[in-house]
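Readers should treat all values here as calculations from the given coordinates under stated rules, not as data from a laboratory. All of these numbers come straight from a predicted model, not from anything done at the bench. Cβ sites come from the backbone with ideal geometry, for glycine too, and all protein chains shown count toward neighbours.
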Amino acid sequence: MKKPIYDWGNQHAAIFDSYIHALDGTGIRYFILRNYEGLPEYNESKDIDLIIEPGKYDHAAQLLLQVFEEYKIEYYYVVKYERVRCWFGMNASDDFAIHIDLIEGYVNKGFEIFEFEKLYNNTVKYKEYDVLNQPYDIAMLLLYKVIGAKELKDRYRDKISVGYKQCCDDVKEILVDVLGNDLAVQVCSRLDSNDYEWIVQHSSEISKTSKKIAFRKHPLNTVKCVVEFLVEKMYRIVICPPKFRKMIALEAPDGTGKSTFIDTLAVTLAETFVCDIEKVHVYHFRPSLLPNLGEVGEKAGVMKQDTDFENPHRNKPANPISSFVRLIYYWLDYVIGGAICIRKDVQFDRITIFDRYIYDFIVDPLRSRIALPRSVRVLFSKIVQRPQIVFVLNAPAEVIYKRKQELTIDEITRQQREFERLMLMGDYFFMIDANQPPEKMVQDARKIILSKFCNRMEKRG
């Protein structure tokens with residue numbers, strides 16, 4: 001799978017520059033957090049991190065919407081993690097996408113590691129933009145990554161090494177304030193010797209110590225913020241309302257180009273939502289929390305697992321009782337495993353894609369050796385995690401057969417009729433013409449995804 005392309009062009013530069021000037025015009029205090037070198041013309045990162053004055057988010061968000069409107073952005077999407085709001089602006093008419101994070105101070109799981117006032121009082125000008133001075137930039141970069149991500153990429157290590165040598169005493173003073181004298185001395189000693197592995201390995205100790213000190217500075221506010229963080233996390237992950245989910249399923253007869261479509265779609269979505277390709281999580285047919293029944297039977301010594309997948313209809317249907325057991329077993333995987341998988345994906349704002357889903361039991365029950373009335377199979381399909389979008393790929397039966405001779409033309413035609421019936425189950429089913437290049441198929445799918453997952457910009461005036 002190819003890597004996504006994150007191009008920063010003239011429109012990105014114009015939007016960013018306009019937004020900064022809008023912030024300046026209102027007096028909202030802010031500064032750019034790292035990766036500001038080259039702005040506005042060039043950005044080496046996927047996104048822009050803006051630390052804004054606590055309590056000013058609503059105003060800052062409204063300004064960003066106005067800038068999006070000015071530059072005719074068609075859709076926007078916002079995801080919230082504690083004090084971080086990740087803003088995405090994107091178009092359906094072209095491939096444009098921009099990602100700007102608005103961050104109210106630096107708070108980690110309710111603990112204010114760095115006070116905004118102290119950070120802002122240590123900003124300087126880069127061109128016309130406010131950024132942290134070098135000592136705070138180095139200290140912030142180090143702790144932001146170690147505490148938050150528990151890692152330090154090579155490019156960040158190189159930047160820290162160069163900067164630390166130029167202002168080591170100042171950096172040490174900052175670390176003493178955040179980590180206490182003993183741990184700060186240890187960390188600085190490792191920085192002196194470029195021993196970043198030790199620092200990453202001790203990320204938990206660094207995190208715990210920084211939070212203890214943050215609590216001692218502001219105990220009441222810390223308790224309040226920690227409670228807010230936990231409530232928000234419980235709501236997002238445990239309750240997991242539909243607004244947090246981005247779940248897509250794909251259905252089609254073999255030979256329609258599902259694999260190519262999914263690979264192309266995954267890259268396109270990573271580019272659209274300006275995220276790492278790992279944030280597009282592809283499952284094959286089931287969540288697979290429960291193992292394949294053939295594997296279970298083989299381990300139990302009651303059957304030998306069939307690994308010949310060339311012919312999906314190689315085995316006869318099971319008897320009604322066995323069919324019902326099989327359906328219940330796999331249904332439980334969708335219910336239990338689906339709930340777990342979806343919540344994990346929601347936690348990290350991943351896009352969930354299923355290459356086939358439970359609707360396969362309706363269209364092609366023989367593949368899973370299920371011989372039960374259609375009404376029963378439909379019923380079970382309605383009491384699982386429902387995708388927001390189900391794409392059904394369709395092409396002439398002769399074309400599909402020519403691509404892949406696993407099914408007869410008659411069987412392909414029968415499945416197509418079943419897929420057409422599926423479309424009647426709800427407005428979350430969408431037919432995609434598979435008799436066109438994968439890029440065009442994905443372009444059509446992308447427009448649907450934006451309309452389902454994102455907010456459309458309101459046209460004013």
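Overview of values
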| read-out | value |
| --- | --- |
| Share, in percent, of DSSP beta bridges within the chain that are antiparallel, nearest 5 | 50 |
| Neighbourhood charge, 11 Å Cβ-Cβ cut-off, centred on Val274 and excluding it, Lys, Arg +1 and Asp, Glu -1 | -3 |
| Segment 342-461: C-alpha gyration tensor shape, a/c 1.5 cut-off, then a/b vs b/c | oblate |
| Gyration tensor verdict on the chain (Cα atoms; rounded if a/c is under 1.5, prolate if a/b is larger than b/c, oblate otherwise) | prolate |
| Whole-number percent relative contact order across the chain, with pairs defined as alpha carbons under 8 Å at least 6 apart | 16 |
| Extension gain from Glu232 to Lys440, taking 0.36 nm per residue of separation minus the Cα-Cα distance | 71.0 nm |
| Under 11 Å, Cβ to Cβ, from Lys246 - net charge with Lys/Arg +1 and Asp/Glu -1 | +3 |
| Total formal charge among the other residues, if their Cβ is under 15 angstrom from that of Glu418, Lys/Arg +1 and Asp/Glu -1 | 0 |
| Global geometry of segment 10-239, whether rounded, prolate or oblate, following the gyration tensor of its Cα atoms and the 1.5 cut on a/c | prolate |
| Under Karplus coefficients 6.51, -1.76 and 1.60, residue-wise ³J(HN,Hα) of segment 188-195 in Hz, glycine/proline x | 5, 4, 6, 5, 4, 9, 6, 8 |
| Straight-distance crosslink candidates among lysines, where the alpha carbon sits under 24 Å from Lys2 and sequence neighbours closer than 8 are dropped | Lys46, Lys153, Lys246, Lys258, Lys279, Lys440, Lys447 |
| Charge-dipole axis of the chain as Lys and Arg at +1 and Asp and Glu at -1 on Cβ define it, positive-most pick from Asn319, Gly257, Tyr36 | Asn319 |
| Segment 304-461, relative contact order [Cα under 8 Å, separation at least 6], % | 24 |
